[in-house]
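Following: one structure in structure tokens, then a few remarks.
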């Protein structure tokens, strides 16, 4: 029987691309603003009048930590902008705690999760806080980092990478960075572009191709 | 010694990032192999309140506007499970699709099929304690695309889930049984058989509501749990 309910078919549902037309459904208003109430992250310019049903992020309590902005471009193997990508982030709070089910006592004001659609130039932008360090395998401590997922037209499944900070403590000893060939580690390290502004480009293929992870 | 993974890795049914018949993948997939990393807290945690972030349930895609949308009304129901068949409760599923004529409500969709003023084609559902979900919509139409000569996408509904952790993220497309376009579609065919059949819903008379709507069943299976230490 050609369907997904037969016992002999049971298993992980396969990934399929988000395609080019996700903007009226996935990137909600404020999805890329983890500390404020702006519309950052959405692309209402791509939604015809009368059909903008996007959720609007609600107000949040104050969030502890240093507010930062992260911006970058998603480019393809020809160096061209990817205007129909969706970038997602997941990170700890400034004390290095994940706002997860596993620890429901943590402050819910900081969602830890963000989503941004790229613009016509392939650029995405997040407002968030700089995460604290979280435990790694064994007794190790990971350098401050943000998990990044990239989806979009032409991406059959999500690509997963990480953003580290160039002045981050523990970069040299980070248990995950240490698994990446030294010559490619720079693709995972955001560069300071201003007082609280960080630059992190994502190159899907080709020269200086971003390191993507099998998790 | 490394700890065992909390979540299973990809199984053999997951498509590759590079699938040349789907042409956009050739410039948008990595050329270098993925770097395998252990699952740390970063990968095994996830947002605790997806509905608070992404919005509350909107389970009737035919009820967003003043009038009734054109097309065949359908009910899609199923469960969200992990790989051991355990229900994923309180899980948000985001939904989007084309209208009955195969047209998306999107400024960049130039397909010459009518927009339906009464159909946006987006919604959200949240699973119950047994992992069950259900939504009402219209059956989306097939539509042409520019991938190759005479290329048509089969009717499909896009579904997006975070699941319990960063590692369990899933975005997929649900297809309809007996659609002759599925074996011709480079996106569906990026998934090798027999696993492609996991993307195809089943018509179900029990889900069908008399004199109202056809019913389809579609279960969504997220990664996990990982191997136990004994199995590792």
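The values are calculated or read from the model by the stated rules, or taken from the named source; none is laboratory data. Because the structure is predicted, anything quoted here is derived from the model rather than measured. Glycine also receives a Cβ, built like all others from the backbone with ideal geometry; neighbour counts cover every protein chain displayed.
Results, tabulated for the structure shown:
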| item | result |
| --- | --- |
| Qualifying residues in the stretch B:153-183 (those that are surrounded by fewer than 16 Cβ atoms within 10 Å (Cβ to Cβ) and more than 7 Å from chain A (Cβ to nearest Cβ)) - the one farthest from residue A:10 (Cα to Cα) | B:180 |
| Failed item in (1) modelled with pLDDT of 95 or more; (2) crowded, with 19+ Cβ neighbours inside 10 Å; (3) within 9 Å of another protein chain (Cβ to nearest Cβ); (4) under 28 Å from residue B:121 (Cα atoms), with residue A:76 passing the rest | (4) |
| Filter result (surrounded by fewer than 22 Cβ atoms within 10 Å (Cβ to Cβ) and not in a loop (DSSP other than H, G, I, E, B)) within the stretch B:80-107 | B:81, B:87 |
| Check on residue A:186, touching a strand residue (DSSP E or B) at 6+ places or on another chain (Cβ under 8 Å) and within 30 Å of residue A:20 (Cα to Cα) | no |
| Scan of the stretch A:155-183 for residues that are within 20 Å of residue A:77 (Cα to Cα) and in contact with a strand residue (DSSP E or B) (Cβ under 9 Å, 6 or more places away or on another chain), ordered by number | A:155, A:157, A:158, A:159, A:160, A:161, A:162 |
| Selection count where residues are within 12 Å of chain B (Cβ to nearest Cβ) and free of Cβ contacts under 8 Å to residues at least 40 places away in the same chain, scope the stretch A:158-187 | 12 |
| Matching residues, the stretch A:56-73, being in a loop (DSSP other than H, G, I, E, B) and either buried (at least 21 other Cβ atoms within 10 Å of the Cβ) or more than 9 Å from chain B (Cβ to nearest Cβ) (or both) | A:57, A:59, A:60, A:61, A:62, A:63, A:64, A:65, A:66 |
| In the stretch B:12-46, the residues that are assigned to a loop (DSSP other than H, G, I, E, B), in contact (Cβ under 8 Å) with a residue 24 or more places away in the chain and under 21 Å from residue A:12 (Cβ atoms) | B:12, B:13, B:14, B:15, B:16, B:19, B:22, B:38, B:39, B:45, B:46 |
| Among residues of the stretch B:40-62, those that are closer than 23 Å to residue A:163 by Cβ, in contact with a strand residue (DSSP E or B) (Cβ under 9 Å, 6 or more places away or on another chain) and within 7 Å of chain A (Cβ to nearest Cβ), counted | 9 |
| Residue A:83 surrounded by fewer than 24 Cβ atoms within 10 Å (Cβ to Cβ), more than 8 Å from chain B (Cβ to nearest Cβ), within 18 Å of the chain's Cα centre (by Cα) and within 28 Å of residue B:18 (Cα to Cα) | yes |
| Failed condition for residue A:37, given (1) assigned to a loop (DSSP other than H, G, I, E, B); (2) facing chain B (nearest Cβ under 10 Å) | (2) |
| Every residue from the stretch B:1-37 that is at pLDDT below 95, more than 7 Å from chain A (Cβ to nearest Cβ) and farther than 21 Å from residue B:169 by Cα | B:1 |
| Test set (1) more than 18 Å from the chain's Cα centre (by Cα); (2) in a strand (DSSP E or B) - residue B:110 fails condition number | (2) |
